[in-house]
Every structure is written in structure tokens, then in C-alpha cells.
Amino acid sequence: MKRDIGFLRYLIPVVVFAAALVLWEWRVHASGISPLVLATPSDIWTALFEHWDVLGPALLFTLKITAEAFVLATVAGVAIAVLFSLSRVIEWALYPFAVVLQVTPVVAIAPLLLIWIGYDNVNEVLVVLAWIISFFTVLSNTVTGLKSADHNLTDLMKLYGASRLQILWRLQLPSALPYILTGMKISGGLALIGAVTAEFVAGSGNDLGLGWVITLSTRNLDTAQAFAALALLSVLGIAILFALTGLEWALLHRWHESAVKKQS
């Protein structure tokens, strides 16, 4: 019975998605909607192969920007959160700046970054903009996780003479790991969104990312190619989510309540 339920968990979304595509295809043809306005799934599939010489490199470029921004966001977010946990004064001094960075629209920052970093280094500007969007989630989740360590265990370790770094390494970081991984899952999607948004507002240098392909396609009224680029972005976002979910399971399934398989 459990296997049947588990199978349905994956079958139902596939069936619903396929039905939605069929309905989409039928509706466009039945309504006589112009392909310049709305492409059909079959047109998008055809454009995906016909324009792969453009879409393939664009996908790799967007993936590169996303990966660099995500790694920087994860490393910087965890490192700064650890620094905050070691010094309350530093947290009071710097955390407001992190909040300001998070709530400032990248559209407003992009022109300044282009001037400061240089128009010859547009790719670096894209990474910075994507990092700005994805950084705060890792930072805030890690700070929360470090503060969520059991205070009784902290007092016990202090009683036995543990140093501040020992408490951090042996208690706080393991306790914060689920929070960090949750922040990383959210940050992965935000890094992709940031990379595409950055391409819209800052261009993409000598290379073409999927965001810029969408911009050019809509300007040229090539709706099918624009939808094909959107489909690749969706697939890339889902792949990032699945990869980070797999990482979360690999690190937590042996010991943490959120990932341990329940027995019924």
C-alpha cells in the first residue's frame, strides 16, 4: 500500500502537467491566438532544438553566474553568521547593513556597480548582483540556527571548560546545519533569479545568458524562443532545488528529525 501511495506521489504531478500541456496546445489552436502572442508547447519544443546553438551556451552562462553567486552567498553568509555568533557587538554593528543590502532593489544598484566595477567586467557585475539577492537568506537562517542551540548543553560545555570555539564547532554548527541547508535551498533559487534579473538590468557582456536571450527574443517577436529559454530556466531551477534537497537528505537523514524516515 505504501508503495502505491509513493508511486502516486510522482505520477499525479506528471499526469497533471501533461494534461496542462495538452490543454494549452488545444486552447491556442482553438482560439486562433497568434504565435507572436503565445507559442504552443509544440512550437516551444521545436524552437528548443532549432535554436540550441544559442540556448545551450546561454544556459551554461546563466548556470555559471548562478553557481558563482550561490557559492559566494553560502560562504559569506555562513562566515559572517559565525562572526556574529562570536561577537554580539559585531552583529549589532553589521547586521543592519546586511538588511539594507537585502531590501535595496538591484535595479537601483546595477548602474552604480557598472560604473564602479567597469563596463568591461559585466560578468563580475552579474555575479555581485546575483550574490546580493541570494546572500541574506543564508545569513539570516544561519544566525537563527546558531542561536537555536540548546542553552542547557551550552552551559554544560562551559561547565566542563569548553572554549568558545569548541562550543561553536561541536554544538552550535551541528545544531544550525538544518537551518543552513534550508537557507541554501532558498538561496539557490534566488541566485538563479538574481542572475537572470541582473542580465535584464546590466546586460551580459560578450556572452549571452538566458535572461538576455529572452530580452532579444521578445524584441524580435520570437515568442517560441523566449518560452524555450523560460523552460530551460524552470528546468535549471528545479535541478538546483533537487540537488540541494539531495544534499540536505545526505547530511541529515541519519540523525535529524526532519529527515529521519518515520516508522508507522
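The values are calculated or read from the model by the stated rules, or taken from the named source; none is laboratory data. Keep in mind it's a predicted model, so treat the numbers as computed, not measured. Positions of Cβ are backbone-derived with ideal geometry, glycine not excepted, and every protein chain shown enters the neighbour counts.
Given the condition basic (Lys, Arg), more than 21 Å from PHE84 (Cβ to Cβ) and either in contact with a Leu (Cβ under 7 Å, 6 or more places away or on another chain) or at pLDDT 90 or above (or both), answer yes or no: does some residue in segment 209-220 qualify?
No, there is no match, as no residue in segment 209-220 is basic (Lys, Arg), more than 21 Å from PHE84 (Cβ to Cβ) and either in contact with a Leu (Cβ under 7 Å, 6 or more places away or on another chain) or at pLDDT 90 or above (or both).
Results for (1) among the charged types (D, E, K, R); (2) part of a helix (DSSP H, G or I); (3) touching a residue at least 24 places away in the same chain (Cβ under 8 Å), shown as yes or no for each residue.
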site	(1), (2), (3)
ALA108	no, yes, no
ASN123	no, yes, yes
ALA130	no, yes, yes
SER134	no, yes, yes
ALA162	no, no, no
ILE167	no, yes, no
LEU173	no, yes, yes
Tell me yes or no: at least one residue of segment 26-42 is under 26 Å from the mean Cα position of the chain (by Cα) and small (Gly, Ala, Ser). no
Picking from VAL107, VAL138, VAL128, which residue would you name as being within 22 Å of LYS64 (Cα to Cα), surrounded by 11 or more Cβ atoms within 10 Å (Cβ to Cβ) and at pLDDT below 90? VAL107
Could you check how many residues of segment 147-189 are polar (S, T, N, Q) and loosely packed, with under 13 Cβ neighbours inside 10 Å? 2
Identify, from the list PHE242, PHE200, the residue that is at pLDDT 90 or above and among the aromatic types (Phe, Trp, Tyr). PHE242
Counted residues in segment 48-94 being of a type in the set (D, E, K, R) and closer than 22 Å to ALA191 by Cβ come to 2
Hand me the list of helices (runs of 4 or more DSSP H) wholly inside segment 1-98 holding 1 or more residues that are outside the structural domain of GLY145 (by TED's automatic domain parsing), surrounded by fewer than 16 Cβ atoms within 10 Å (Cβ to Cβ) and of a type in the set (A, V, I, L, M). 2-31
